[in-house]
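Following: one structure in structure tokens, then a few remarks.
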Amino acid sequence: MNMIDGTGGREASATRAAYLSLRKMILVGELPAGEKLKIEQLRKMLDVGASPVREALSLLTSDMLVERIDQRGFRAAPASLANFEEILTLRCTLEDMALRQSIARANADWEERLVLAHHRMKRIAGSDAFEDAHKSFHMALLSNAASPMLERYCSQLYDLNIRYRYLAAGSETYQSRDVQAEHEEIFDAAVRGDVDKAAMSLLSHYRLTGEYLSKQLGAL
């Protein structure tokens, strides 16, 4: 490996690490919605160079988690009731389509992936690793749709929704929900091949969160 290749590889690795760190911080609210993202502050926080941070922020604009506010400035994407309701509507529409396609094409491989994803999510509930396992379960439900573009959109909408779910999770009403039972209902219907029940349960799961959050955002 020559020096150019080595330097390029290190820079790409630093950009990737910065991207993943910043993405997580935005999703969980450590970098609040609408907050200006200053390159120098983030560089020191992540202990990387300014270029990887700037490149990571540019990548996050494609994810719609960051907005460019001037020629060189960035901010975490703002949160609003209108934005959340649009995300929720799109998510319900596209995931209903993807789930129905996935169940219609059900086979042993898909069922095994789904069972494993569900088991892992239950096993690590309450741990720091739950968020990744939670997304893996929801994406496993859709993974048999044979529509890569549809699955990609669903994955992106899931991520955009996470920030809002973290906002809703702070309310006592939200905490009183039995989310595990909601997941169990979706899983059981999907494995049985009951497409209408699975779709209804999935959309109800999303809309319950939507009701809590819409009230919270509407009060701001």
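If each of M64 and D178 carries a label point 7 Å out from its Cα toward its Cβ, how far apart are those two points in nm?
Here the answer is 3.4 nm between the modelled labels.
Counting only C-alpha contacts under 8 Å and six or more residues apart, can you give the relative contact order of the chain as a whole percent?
Relative contact order of the chain: 21 percent.
Using θ = phi - 60° and the Karplus curve 6.51 cos²θ - 1.76 cosθ + 1.60, what whole-Hz ³J(HN,Hα) does each residue of region 39-52 get, with Gly and Pro shown as x?
For region 39-52, the Karplus-derived couplings read 4, 5, 5, 5, 4, 5, 4, 8, 6, 9, x, 5, 4, x Hz, x marking Gly and Pro.
Give, in whole angstrom and from largest to smallest, the semi-axes √(5λ) of the equivalent ellipsoid of region 67-107, with λ running over the eigenvalues of the Cα gyration tensor.
Square roots of five times the eigenvalues give 35, 14, 6 Å.
Nearest 10 degrees is fine. How inclined is helix 108-123 to the longest principal axis of the chain, computing both from alpha carbons?
On a 0 to 90 degree scale, this one is about 70.
Given R₀ = 45 Å, what would the calculated FRET efficiency be for L81 paired with R105, taking r from the Cβ atoms and rounding to 0.05?
0.80
How big is the charge dipole of region 1-142 about its Cα centre, in debye rounded to the nearest 20, if each Lys and Arg gets +1 on its Cβ and each Asp and Glu gets -1 on its Cβ?
About 200 debye.
What do you get for the angle between helix 130-142 and the principal long axis of the chain? Use alpha-carbon atoms, 0 to 90 degrees, nearest ten.
For helix 130-142, the angle is close to 60 degrees.
With every protein chain in place, what's the accessible area of E55 (1.4 Å probe, Å², nearest 10)?
Its accessible surface works out to 90 Å², give or take rounding.
Of the options L90, V195, A17, report the single residue whose Cα projects farthest towards the positive end of the charge dipole of the chain (beta-carbon charges: Lys, Arg +1; Asp, Glu -1).
A17
With a Förster radius of 35 Å, plug the Cβ-Cβ distance of V191 and D47 into 1/(1 + (r/R0)^6) and report the FRET value to the nearest 0.05.
So, using R0 = 35 Å, E works out to roughly 0.20.
Stretched out fully, how many nm does the piece from M200 to Y166 gain, at 0.36 nm a residue minus the Cα gap?
9.9 nm
Tell me the net charge near G210. Cut-off is 15 Å between Cβ atoms, G210 excluded, with +1 for each Lys or Arg and -1 for each Asp or Glu.
0
Please compute the per residue accessible area over the chain with all protein chains in place, 1.4 Å probe, rounded to a whole number of Å².
Spelled out: the 1.4 Å probe surface of the chain, per residue, equals 55 Å².
Tell me which lysines have Cα within less than 19 Å of K215's Cα, excluding those fewer than 8 residues away on the same chain?
none
On the full set of protein chains, 1.4 Å probe, figure out the accessible area of E67 and give it in Å² to the nearest 10.
Roll a 1.4 Å probe over it and E67 shows about 70 Å².
Compute the acute angle (0 to 90°) between the alpha-carbon long axis of helix 195-218 and the principal axis of greatest extent of the alpha-carbon atoms of the chain; round to the nearest 10°.
It works out to around 50 degrees.
Kindly state, to the nearest 0.05, the FRET efficiency for H119 paired with Y153, given R0 = 41 Å and r defined as their beta-carbon distance. Spell out each step's value before the answer.
On the way: r = 27 Å, r/R0 = 0.66.
According to the calculation, E is roughly 0.95.
If only Cα atoms are counted, what is the Rg of the chain, and what is its Dmax, in Å?
Considering the chain through its Cα atoms, Rg and Dmax are 19.2, 58 Å.
The values are calculated or read from the model by the stated rules, or taken from the named source; none is laboratory data. Please read these numbers as outputs of a predicted model, since none were measured by experiment. Note: ideal-geometry Cβ built from the backbone for every residue, glycine included; neighbour counts use all protein chains shown. Side chains are part of the model used for accessible areas, which takes the heavy atoms of the whole protein and leaves out ligands, DNA and RNA. Shrake-Rupley method; radii C 1.70, N 1.55, O 1.52, S 1.80 Å.
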